[in-house]
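In what follows, a single structure is set out as structure tokens and then discussed.
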Amino acid sequence: AQKVTQAQTEISVVEKEDVTLDCVYETRDTTYYLFWYKQPPSGELVFLIRRNSFDEQNEISGRYSWNFQKSTSSFNFTITASQVVDSAVYFCALSEAGANAGKSTFGDGTTLTVKP
Amino acid sequence: DTAVSQTPKYLVTQMGNDKSIKCEQNLGHDTMYWYKQDSKKFLKIMFSYNNKELIINETVPNRFSPKSPDKAHLNLHINSLELGDSAVYFCASSGGHRETQYFGPGTRLLVL
């Protein structure tokens, strides 16, 4: 069975600090997809990134970067120079390609608070 | 221009009532989903449809019945509402099971 663990329930930082949100996953599939979503206080779920299991290349998008390491089954998300607008709940998710295709499993979320 | 839309946005109702939530996507996607987010923000998949066919049906009470009249719509009907049904229900769609899911704005259901 697939599982996603976001061990950090809440993180609080001061603006301009860097922060890393951890995500560890479990799956028996060799082909799978990992996602990060942001849920700001307004409540909508905003897609941030998708990564497939064959692509371990790290990705940077502005202040956001993602570190995918299959060896440790981790897909961590770093925000550089955090801003107040980054305050949100962040979800890591896993979707398998095999028998459970489409059955995305979400982590419990990490609530990030960025203080001015 | 809204990609995935849900109606209503808010729903307050009494225990025992029957209610429906509608979802529409204009992305041309084949796959649609319903998720439930509880008060602790835990997000759990309920159903998945692909080309109007039910693909995933998680352990959800049979008071919940999804209906997909066409690829662009996936509605959720709930019978005999209970207090524990209070949650935010999100609809999502994707180009296929391996693709990114795009979420609607959510429907906040409160059962009194």
Next on the checklist: If you build the convex hull over the alpha carbons only and average its shadow over all orientations, what do you get for chain B? Give it in nm² to one decimal.
Outcome noted: 6.4
Checklist entry - When the Kirkwood hydrodynamic radius is evaluated over all pairs of different C-alpha atoms of the stretch A:38-116, what value in angstrom, to one decimal, is obtained? => result 13.9
Checklist outcome for this item: Neighbours of B:I45 by Cβ distance under 10 Å: Lys/Arg at +1, Asp/Glu at -1, summed charge +2
Next on the checklist: Output needed: percent of Cα pairs per 5 Å distance bin for the protein assembly as shown, bins running from 0 to the one holding the longest distance.
Outcome noted: 1, 7, 14, 18, 18, 17, 13, 8, 4, 1, 0
Next on the checklist: Please report the carbon-and-sulfur percent of the accessible area for the protein assembly as shown; probe 1.4 Å, protein heavy atoms only, DNA, RNA and ligands left out.
Outcome noted: 48
Checklist entry - Which aspartates and glutamates have a Cα less than 17 Å from the Cα of A:K103, not counting those fewer than 8 places away in the same chain? => result A:E26, A:D29, B:D30, B:E53, B:E58, B:E99
Checklist entry - Given the stretch B:12-112, what count of lysine pairs have C-alpha atoms under 16 Å apart, with each pair 8 or more places apart or on different chains? => result 9
Checklist entry - Among the DSSP beta bridges whose two residues both lie in chain A, what percent are antiparallel, rounded to the nearest 5? => result 90
Item to check | Chain pair B, A: total accessible area buried, heavy atoms, 1.4 Å probe, Å² | outcome: 1800
Checklist entry - Taking the Cα-to-Cβ direction at A:F54 and at B:E53 and moving 7 Å from each Cα, how far apart do the two end points lie in nm? => result 2.5
Item to check | Sites matching GluC sites (Glu not before Pro) across the stretch B:11-67 that sit in DSSP coil, with at most 15 neighbouring C-beta atoms within 10 Å | outcome: B:E58
Checklist entry - Within a Cβ distance under 12 Å of A:D18, other residues only, what is the Lys/Arg minus Asp/Glu net charge? => result -1
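The values are calculated or read from the model by the stated rules, or taken from the named source; none is laboratory data. As the structure is a prediction and not an experimental result, all values here were calculated from the model. We place every Cβ from the backbone using ideal geometry, glycine too, and count neighbours over all the protein chains shown. Note: areas computed on protein heavy atoms with side chains; ligands, DNA, RNA excluded. Shrake-Rupley method; radii C 1.70, N 1.55, O 1.52, S 1.80 Å.
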